[in-house]
Structures are given as structure tokens and as C-alpha cells.
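Notes follow once the structure below has been shown.
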Amino acid sequence: LYDDSGNPIAVRLSEHGSVKNYFLNDVSEDGNYTIDTHKGKLIFDAGIYEESAQGYYNSMDRSQMMKIFDPSPTPNGDFVQRIAYTLDGELIAVMHKHSDNLFFYNSNSYEVEHIIDLGRGPMDMKVTEDYIYVCCYYSKEVQIIDLSTFSITSAIKLQKKPCQIELNPEKTILYIGFID
């Protein structure tokens, strides 16, 4: 059990601001691991995901998988990947990692104003005055959202999986970071 750099795999647990690493040294036949913590034993299943040519997928139903992590309903049960204000400060854009949605909340009332269904695996976003650029990891694309219509106006198809996005100050060049 070693990561790409040759270091042992560690599970990092955080409690009340302190972090402790637990190292996994032996491969489990069934994917279940037990960690002895100061509060008792922690058992977790590392075999939830399987690798395929398209990336990682889950053999379980997605809603069943979400209940394993958090039983509350989406979006509360979903994982927030990024949060940003629109440049006018009127909306908060919240990108959810597992439901592949971008929620826009009114920054005064916190009511949901718009929901955009994104491509699979949103990882990063960059907000400008007129657009939001979103990296969609599993879809291998950057989606461009028009803030005047709250719709996806176009998508840039890529050969690799994008994970990070930046713009130059003039907003004329898009920089995309990839994994693969």
C-alpha cells in the first residue's frame, strides 16, 4: 500500500482541530480496514470504487453510495467542491461534487435562485463578470456558463481530465491543469 510517490497510505482523521495520521501497511483482501484510534476501532471499506478506462466509478447506485457518506438529502448530503461569489456580490455559486450541480444562492436571503446541471465531476471554477468556467473531470471538458441566462452556453472538449482552471488578468487566455 504505497501512493505514487512511494509513501505509505495514510488515513487522516481530524477531531476538534487536531489531526492524526494512521498508516495502512497491509493490503486487505476484502478492502475493509480497521484502524485502532484512541477512542476505539474505526472500520472502513476502501473497496467502494473500482477503476475503469473512464476513471473511477461505483458499482452501487449513486444514491445508495451517498447514504454511506451522509444520510441527509441532497444538496445537504452532497459534497461542496468550490464556493465563490459572483463579482457583483449578489449571488453565491456553490459547486457540488457528487450531484454535478452548481447552485446559485441569493447572498442576502440564502434562497436558491438557480440550479445548473453540470458535466460529470466538477472540480474547479473561475468566476468573471459575465461567465463561470467549470472544469468537469470525468466529462473531460470545460463548461462555460453565461451569468445573464444561467445556462451552459458552450463546452470545450478536452483529451485529458481537467482539474484546475485559471484566467489571465485580461480574461483572454484560459489555463487548464490536468490529471493524467
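The values are calculated or read from the model by the stated rules, or taken from the named source; none is laboratory data. Please read all numbers here as calculations on a predicted model, not as lab measurements. Positions of Cβ are generated from backbone atoms using ideal geometry, with glycine treated the same way; all protein chains shown enter the neighbour counts.
The figures follow:
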{"quantity": "Pick from region 100-131, criterion in contact with a Lys or Arg (Cβ under 7 Å, 6 or more places away or on another chain) and in a strand (DSSP E or B), ranking: surrounded by the most Cβ atoms within 10 Å (Cβ to Cβ)", "calculated": "122"}
{"quantity": "Enumeration of residues in region 63-106 that are acidic (Asp, Glu) and either at pLDDT below 90 or touching a strand residue (DSSP E or B) at 6+ places or on another chain (Cβ under 9 Å) (or both)", "calculated": "70, 78, 90, 100"}
{"quantity": "Candidates 131, 137 - the one that is over 19 Å from residue 160 (Cα atoms) and among the aromatic types (Phe, Trp, Tyr)", "calculated": "131"}
{"quantity": "Single unsatisfied condition, residue 175 versus (1) exposed (fewer than 13 other Cβ atoms within 10 Å of the Cβ); (2) modelled with pLDDT under 90; (3) among the aromatic types (Phe, Trp, Tyr)", "calculated": "(2)"}
{"quantity": "Residue check for residue 94: aliphatic (A, V, I, L, M) and buried (at least 16 other Cβ atoms within 10 Å of the Cβ)", "calculated": "yes"}
